[in-house]
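What follows is a short report on a single structure.
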Amino acid sequence: MFEGNVFGDLDGRLCEALSESGYLKPTPIQEKAIPHLLGGRDMIGIAQTGTGKTAAFMLPILQHLLKIRKPRRVGHPRALILSPTRELAVQTAENTRRYAVHANLPLACLIGGVSQYGQVKDVKKGAEIVIACPGRLIDLMTQGIIFLDQVECFVLDEADRMLDMGFLPDIKRIISKLPCVRQSMFFSATMSPEVSRLAGEMVKDPVKIEISPDKPAVEKINQSVMSVAKSSKDSLLIHLLGTHPEWTKVIVFAKMRHGADRVVRKLNRERISSAAIHSDKTQNQRTKALEGFKKGDVRVLVATDIASRGIDVKEVSCVINLDLPLETESYVHRIGRTARAGESGVAISFVSPEERGLLKAVERFIKKTIRFDNDHPFLPEASAAGQADGLPQAPWNERGNAQGKKNRDGKKRRRKVNFAGRRQPDFRQKG
Ligand code: AMP
């Protein structure tokens with residue numbers, strides 16, 4: 001079925017599942033990583049989610065578990081995958097179930113924020129593979145429900161994210177409970193000195209592979225920037241969603257949690273089905289929002305950066321950055337939610353004059369100037385022109401002058417605005 005490529009070296013049960021999943025040929029990371037991992041080598045992979053990384057490490061693990069059968073020992077898994085976020089853990093578990101659909105290899109997904117009951121049940125059924133977030137794993141280890149002394153394959157996924165989230169002490173504690181003889185795989189989108197130090201402590205004589213993190217996402221995505229006043233961003237969003245009914249799955253990124261909630265309220269008022277996903281939401285709310293979005297019941301998912309990595313939803317039509325991220329790198333992770341595995345996508349960023357600096361930083365990071373698309377009715381200039389019609393004055397003009405500073409003709413002007421936002425009549429003219 002897969003003669004001539006690395007999938008051809010896998011167990012027939014895995015090949016069958018791959019072909020049912022529509023995986024016709026390996027992605028570059030799979031092509032590079034699978035042969036080394038099948039040979040039992042440790043690995044440091046610099047690659048982001050969206051490159052096919054999960055199958056790259058999971059298929060060799062499944063192959064190993066199928067090839068070397070051992071009697072199941074309840075509470076003693078043979079493979080452990082650590083994920084920084086609950087969403088990534090759930091997604092990794094979903095993919096693994098798909099790859100292992102014809103192999104009898106039970107798994108447990110251990111995440112916080114939900115009852116441990118079902119998870120403990122899965123462990124007690126003899127899960128051979130455990131996919132976990134550090135917190136819940138340590139919790140179950142402390143309760144004496146799970147033991148790591150039989151782990152043969154260990155994966156630390158999105159290591160940079162783990163460190164950002166302050167998981168280093170937890171990770172060290174988990175690693176200290178693993179057997180010394182094991183296969184370790186370390187994945188990270190970026191490699192800071194801190195990340196490399198952790199990798200050095202975890203792997204032995206590793207093969208290093210690097211999949212250029214930015215290119216696959218950025219090159220295929222039709223990126224643009226829309227100039228808009230901060231106060232008109234929600235209106236522009238509603239306008240775009242109204243004029244693009246073909247965008248059936250849209251992810252909107254907001255900087256703040258309360259901003260995300262505000263947008264959801266406004267969209268739902270306009271009868272545009274939407275849901276928010278951020279860290280103030282319970283795990284059940286997050287799962288429900290994500291499932292609704294995947295099924296197509298929710299058209300717009302409004303997220304903060306917590307959801308920018310790892311969320312793998314097929315056919316996201318468009319990503320809209322309501323605000324540009326403060327960390328430029330997040331831009332690539334955010335827009336990478338569209339154009340997954342060969343599809344093309346659209347990414348639009350709303351940029352107010354105050355955010356021009358952030359835009360420049362993003363452009364420097366991606367080494368590309370993003371095209372401006374100002375074909376919309378909410379341009380900052382349009383607000384300024386609106387003054388002539390008695391509409392509210394924009395608090396700045398295109399050059400970024402604050403209200404009350406000198407205008408283009410050099411005279412200092414301050415207009416009075418009443419509470420309804422309309423300019424008051426200028427009585428002095430009458431006198
Ligand atoms: P990942 O980076 O593992 O999150 O994978 C990103 C997306 O690519 C997921 O939707 C996978 O199902 C899909 N994918 C991974 N490998 C392949 C492949 N060889 N062919 C087609 N799709 C793939």
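The values are calculated or read from the model by the stated rules, or taken from the named source; none is laboratory data. Everything numeric here is computed off the predicted structure, so don't read it as measured data. Neighbour counts are summed over all protein chains in view; Cβ atoms, including those assigned to glycine, are modelled from backbone coordinates with ideal geometry.
Key figures
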| quantity | calculated |
| --- | --- |
| Any hit, region 17-28, residues being more than 11 Å from the ligand (Cβ to nearest atom) and closer than 26 Å to V203 by Cβ | no |
| Every residue from region 84-99 that is over 16 Å from D170 (Cβ atoms) and not aromatic (F, W, Y) | E87, V90, Q91, T92, A93, E94, N95, T96, R97, R98 |
| Considering residues of region 30-39 that are of a type outside the set (K, R) and more than 8 Å from the ligand (Cβ to nearest atom) only, the residue surrounded by the fewest Cβ atoms within 10 Å (Cβ to Cβ) | G39 |
| Residue that is surrounded by fewer than 17 Cβ atoms within 10 Å (Cβ to Cβ) and closer than 18 Å to S330 by Cβ, where the choices are G166, G200 | G166 |
| Complete set of residues in region 60-80 that are farther than 14 Å from S184 by Cα and of a type outside the set (K, R) | L62, Q63, L65, L66, I68, P71, V74, G75, H76, P77 |
| Candidates M58, M43, filtered to the one that is at pLDDT 95 or above, touching a Ser or Thr at 6+ places or on another chain (Cβ under 6 Å) and buried (at least 20 other Cβ atoms within 10 Å of the Cβ) | M58 |
| Hits in region 74-119 - residues which are within 16 Å of the ligand (Cβ to nearest atom) and farther than 26 Å from S176 by Cα | Q91, E94, N95, R97, R98, Y99, A100, V101 |
| Failed item in (1) within 19 Å of G40 (Cα to Cα); (2) surrounded by 16 or more Cβ atoms within 10 Å (Cβ to Cβ), with P179 passing the rest | (2) |
| Only listed residue being away from the ligand (no atom under 15 Å from the Cβ), of a type in the set (D, E) and touching a Cys at 6+ places or on another chain (Cβ under 9 Å), chosen from D122, D42 | D122 |
| Unmet criterion (only one of (1) in a helix (DSSP H, G or I); (2) closer than 22 Å to E329 by Cα) for R262 | (2) |
| Of residues in region 282-336 being part of a helix (DSSP H, G or I) and among the hydrophobic types (A, V, I, L, M, F, W, C), the one modelled with the lowest pLDDT | A307 |
| Residue, nearest to R41 (Cα to Cα), within region 103-155, restricted to residues that are of a type in the set (D, E) and assigned to a loop (DSSP other than H, G, I, E, B) | E152 |
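Table: residues versus (1) assigned to a helix (DSSP H, G or I); (2) at pLDDT 95 or above.
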position	(1), (2)
L178	no, yes
M185	no, yes
S196	yes, no
E201	yes, no
P213	no, no
A217	yes, no
S232	yes, no
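Per-residue answers, yes or no, for (1) in contact (Cβ under 8 Å) with a residue 40 or more places away in the chain; (2) more than 16 Å from the chain's Cα centre (by Cα); (3) within 13 Å of N321 (Cα to Cα):
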{"residue": "S232", "(1), (2), (3)": "yes, yes, no"}
{"residue": "G242", "(1), (2), (3)": "no, yes, no"}
{"residue": "A254", "(1), (2), (3)": "yes, no, yes"}
{"residue": "K281", "(1), (2), (3)": "no, yes, no"}
